[in-house]
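Every number in this text was worked out from the coordinates using simple rules, so none of it is lab data. These numbers were taken from a predicted model, which means no experiment stands behind them. Neighbour counts run over all protein chains shown; Cβ positions are idealised from the backbone, glycine included.
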Amino acid sequence: MAYYVRDKRLTVDYLEDNLLFAKGSMNDNHHDIELLMKIRLPEKEIVWAESRMDRIPHPGRCEAALKLAQGLVGLRIERGVIKRLQKGLGGESGCVHIVALAIDLIQYCAYIKSRPEAEAILRLRLHDQGEFHKLWQKDLAGTCVTFPSLP
């Protein structure tokens, strides 16, 4: 039996046109934490955020960091956002684990912003897996068995 196990899960879904729902969760021997965000496209602006702690190592203290997630509202996913969210969510009144989940989610959403067609490709994934694979082949060629190098 493993002495320590930590699982992290990130999901990003479309709620409706121009609105993403991003969820990060971390579960280990001491924690069960979630960070939830809604991000408006194409601005890549966080319009809603909430964190949850269902299991924590320091009851009565860790919960104080929950309210800080609301400080993400209004942030745009752009250069400098990681430093701003670290300042707002971390430090002595924050939670390093919520910061880590926020960074993971922001980095993925930043990728969507860096590739204008990425949003369309993600939407296509819902409808046509074959076409989705062809579109990603160019960028991911040579990175794994699913995407071999192009001739």
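A few comments on the model shown:
- Rounded to whole Hz, the Karplus (6.51, -1.76, 1.60) HN-Hα couplings of the stretch 44-60, x for glycine and proline: 6, 9, 6, 10, 7, 8, 8, 10, 9, 9, 9, 9, 9, x, 10, x, x
- Per-residue ³J(HN,Hα) for the stretch 70-75, Karplus 6.51 cos²θ - 1.76 cosθ + 1.60, θ = phi - 60°, Hz, x for Gly and Pro: 4, x, 6, 4, x, 5
- Contour excess over end-to-end distance, with Cα ends at residue 27 and residue 78 and 0.36 nm allotted per residue: 15.5 nm
- Within the stretch 1-40: backbone nitrogen closer than 15 Å to the residue 107 label point (7 Å, Cα to C-beta): 8-11, 24-25
- Here the 3J(HN,Hα) profile of the stretch 22-35, calculated from phi with Karplus coefficients 6.51, -1.76 and 1.60 at θ = phi - 60°, is 10, 9, x, 9, 9, 9, 9, 4, 10, 10, 9, 10, 10, 10 Hz, Gly and Pro shown as x.
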